[in-house]
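Just so it is clear, none of the values below were taken in a lab; they were calculated from the coordinates. What you see is a predicted model, and the numbers here were worked out from it, not measured in a lab. Ideal geometry is used to build each Cβ from the backbone, glycine not excepted, and the neighbour counts take in all protein chains shown.
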Amino acid sequence: MRFLRPAAAVVALLLIAGTGAALYLQDRGGVPSFRAQACALPREWLVRTQRGYHEPRSGQIAILPVTPAYMASGGQGWSHSGPWPYLQDVPLVAYGPKIIRPAVIDRPVTLADLAPTTAALMGFGGLRGVEGRVLREVAGSGERPALILTIIWDGGGWNTLDQWPDAWPNLRRMMERGALYRRATVGSSPSVTPAVHSTIGTGLFPKDHAITGVPVRDEAGVVVDAFLEGESSRFLIAPTVGELWDEANENRARIGLLGYEPWHLGMIGKGAEKPGGDRDHAVWVDHETSEWKTNPAHYELPPSVAAADGLEEDVRRLDAADGEIDRAWGDLEILDIPDRLEETPAFVHYHGRALRRMIAREGYGADRVTDLLYTNFKQIDRVGHYFNMASDQVRQNLVASDRELGRTLAFLDEEVGRGNYVVFLTADHGQQPDQDAIDGYGINPRELEADIDREFGPITRAAWPTEVFLLEDEMEARGVQIADVARFLGGYRLIENTGDPAVKVAGKGVFDPTDRLFDLAIPASLLPRITCSGGDPSARR
């Protein structure tokens, strides 16, 4: 197993992320051709980037910063979108007493393999034409569980676990007693929640299921939320295994989601929005009240979850943990602010209880038709964005998530019965370390957008970590081509993004102000057509 000391996580990240990509481009003359940029990337980086592109939804320009620069938030904060191993490497373990034999598997797998494996566990042959493959070590027993529960630790990739190796003893025991895939990866980039959860649900990558990121372009080219904040899942163009299984059983299967955002809906699908579908259970958090909610036009809010209580008691325990009742989590006075309260271990415990209550009172695993339930524990990721993966806030939420995992496994033994359930646990991505900890540079996206507009006029809609969205009507009026903007970004230098030339990168000393910031800056529409020596990289795992 890969259990690194906390300090080793940063070292490992630098060794992995630096492999195959020069930190400095010595030739600062011309910009390499678009194909040359793509083919200079390690093959897996290009494959993941290609899998993440869907023309109607993706940004018009695909970008990848030079390692270890990354797109930050206004020059600060931490992103987690990219094809690099430290973001792509995730735990994947399947646990099912009397069903799954303990094993450690070193074969490369991706999260697209979860949907076909779920189908195989149920003996269901209706999931066809997907890119994922059946995990034979999991689905080989022939036993059909009454319940398959898939748990996502959002942001709980291997580099987060390695940062805090003593924080997850229950997951460690689950790994020892289940099937652990040590070389599991997300498999596509952008490595962000809506895209990856849709891959988990469909067995396809974004190029085929069309949920490419947090923002997507709609039919008019406007950048919108991928799931329209829960009002619609219409951008998801592929069926989930849950939808197909439900249809095959005349909607008698229980299909459910207990999550944090509508971004997790890609795991279960469209509910009643899909012709022939029913109002599956789908729950997420109302950030104004911290109460559970749904879109009743397409989904059902289970009565058991709507009536869940105990959050205030969870908050009281967290408040008292430091010996002082002050409505604060340590130094953070956030316990009276709903959308900040949700970042805390108190909400993790509230979520865990609501999950178990949902299973017991809504009858998950109670009959012969296999039920599918998906859940996302968001707090590890959320505080990682605010405080960084090396923060004590991440550690505390990891500890809380692990405690709820232990409680849930014990509950399943009693409520559903050993031999009647399977649990998958994975993560949707790793996390970006603090830029100072790795001598990195956080690219300021607002400055980048301003520089594009200074060069070409007001043509930029938004710059995200791995893609740039442009205003094509404005470009047409000004005679600007997408390739023009891509070439500009290909030559974009550090000095253009910051006034401070003394920026250190990966311990190599001063990052020269004239160094380029992007390894890749090409029209995204080229991605499906790019081939490099050795054949088409998109055809390889």
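Per-residue answers, yes or no, for (1) touching a Leu at 6+ places or on another chain (Cβ under 6 Å); (2) small (Gly, Ala, Ser):
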residue: Gly156; (1), (2): no, yes
residue: Asp162; (1), (2): yes, no
residue: Ala179; (1), (2): no, yes
residue: Pro194; (1), (2): no, no
residue: Pro206; (1), (2): no, no
**Q.** Meets criteria (out of contact with any Pro (no Cβ under 8 Å at 6 or more places or on another chain) and buried (at least 17 other Cβ atoms within 10 Å of the Cβ)) for Leu111
**A.** yes
Q. Do you know which of the residues in the range 364-383 that are over 24 Å from His429 (Cα atoms) and in contact with an Asp or Glu (Cβ under 8 Å, 6 or more places away or on another chain) is surrounded by the fewest Cβ atoms within 10 Å (Cβ to Cβ)?
A. Gly365
Q. Out of all the residues in the range 452-466, which are out of contact with any Asp or Glu (no Cβ under 8 Å at 6 or more places or on another chain), buried (at least 19 other Cβ atoms within 10 Å of the Cβ) and part of a helix (DSSP H, G or I)?
A. Ile452
Q. What is the number of the single condition among (1) in contact with a Ser or Thr (Cβ under 9 Å, 6 or more places away or on another chain); (2) under 14 Å from Thr118 (Cα atoms); (3) in a helix (DSSP H, G or I) that Ala195 does not meet?
A. (2)
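Let's see how each residue does on (1) over 19 Å from the mean Cα position of the chain (by Cα); (2) buried (at least 23 other Cβ atoms within 10 Å of the Cβ); (3) more than 16 Å from Thr240 (Cα to Cα):
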position: Asp89; (1), (2), (3): no, yes, yes
position: Arg107; (1), (2), (3): yes, no, yes
position: Phe124; (1), (2), (3): yes, no, no
position: Arg133; (1), (2), (3): yes, no, no
**Q.** Options Ala354, Ala410: the member that is within 23 Å of Ile151 (Cβ to Cβ) and over 26 Å from the mean Cα position of the chain (by Cα)
**A.** Ala410
Q.
Quick check on my filter: what residues within the range 215-233 are surrounded by fewer than 18 Cβ atoms within 10 Å (Cβ to Cβ), assigned to a loop (DSSP other than H, G, I, E, B) and in contact with a strand residue (DSSP E or B) (Cβ under 7 Å, 6 or more places away or on another chain)?
A. Asp218
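Please find, among Thr212, Thr160, the residue that is among the polar types (S, T, N, Q) and part of a helix (DSSP H, G or I).
Just one listed residue meets the conditions, Thr160.
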Q | Subset of the range 472-489 that is free of Cβ contacts under 8 Å to residues at least 24 places away in the same chain and surrounded by 15 or more Cβ atoms within 10 Å (Cβ to Cβ) - its residue that is nearest to Pro32 (Cα to Cα) | A | Met475
